[in-house]
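Below is one structure, written out as structure tokens; the observations come after it.
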Amino acid sequence: MTRLLLVGPPGAGKGTQAAILAETFGIPAISTGDIFRSNVANETPLGLQVKAIMAAGEYVPDDLTNEIVADRLSEADARAGFLLDGYPRTLDQVKELDRILAADDAALDVVVLLEADTDVVVGRLLKRAKEQGRIDDTEDVIRNRMSVYAEQTSPLIDVYDKRNLVVRVDGLGDVAEVTARIVDALAARGLASA
Ligand code: ADP
């Protein structure tokens, strides 16, 4: 049973690593960004609600986000562990995740903080903009996402540090190298891959 969070600024490589780690540990990767994007693409009522918010690089309101995650974590596959990518991002979301887990007498094992400096992540996101055409990968919106992260999400690191859950991993380097660093850091915390 492995319960992990992956935290880090936009462009740190969370999504890429989340997919690999999910495979490695035999747990589902749950990305709120992916869930929202697929709702936008399918023009669901939720998608219509969040489209403009995402395009501006702002956060979707906590009540909507919390409800989606509570639903997803109640599915059968997530009961054997999970890797959350991009949630929680606000203190209110931390509280909600605590509540969901406490209801099952469960707790997080580790919070992986994927670190990368601003110039590098902006460069990566601009490159991705050309490849994937994500509407929130324009330079202005990227800058806004960075400042929203700094204001609303970086304080979460303190909260999890106080619980002694955070491992810091350098997100620079090629994908396999970063994965190896994360796997090593998790092993040092007693989490062996499946
Ligand atoms: P990134 O971290 O690279 O910005 P994500 O795919 O994780 O990319 O998130 C994209 C967008 O989805 C965010 O800018 C935000 O609008 C929305 N979003 C994702 N997760 C959350 C969350 N936990 N709370 C609020 N909004 C979220």
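No lab work stands behind these numbers, since they all come straight from the coordinates. In this text, all values refer to a predicted model and were calculated from it rather than measured experimentally. All Cβ positions, glycine included, derive from the backbone under ideal geometry; neighbour counts span all protein chains shown.
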Pairwise label distance in nanometres, Leu126 with Ser38, each label 7 Å out on the Cα-Cβ vector: 3.2
Percent RCO, i.e. relative contact order, over the chain, from Cα pairs under 8 Å lying at least 6 residues apart: 33
Cα-only Debye scattering, the range 52-169: base-10 log of I(q)/I(0) at q = 0.15, 0.18, 0.21, 0.23 Å⁻¹: -0.80, -1.08, -1.29, -1.38
Nearby aspartates and glutamates by direct alpha-carbon distance to Lys127 (threshold 13 angstrom, same-chain neighbours under 8 apart not counted): Asp119, Asp136, Asp137, Glu139
Other-chain or far-sequence residues with amide H under 5 Å of Leu84's (modelled H): Leu4, Leu5, Leu6, Ile30
Residue-count net charge about Asp170 - beta-carbon cut-off 11 Å; Lys, Arg +1, Asp, Glu -1: -1
Pairwise label distance in nanometres, Ala188 with Asp62, each label 7 Å out on the Cα-Cβ vector: 3.3
Euclidean distance between Cα centres, the range 8-34 to the range 162-194, Å: 13
Nitroxide proxy distance, nm - points 7 Å out along Cα→Cβ at Asp158 and Ala52: 3.3
Mean Cβ neighbour count within 10 Å, used as a protection proxy, ranking 68-76, 111-119 highest first: 111-119, 68-76
Burial order of peptide ranges 55-63, 32-40 (average beta-carbon count within 10 Å, highest first): 32-40, 55-63
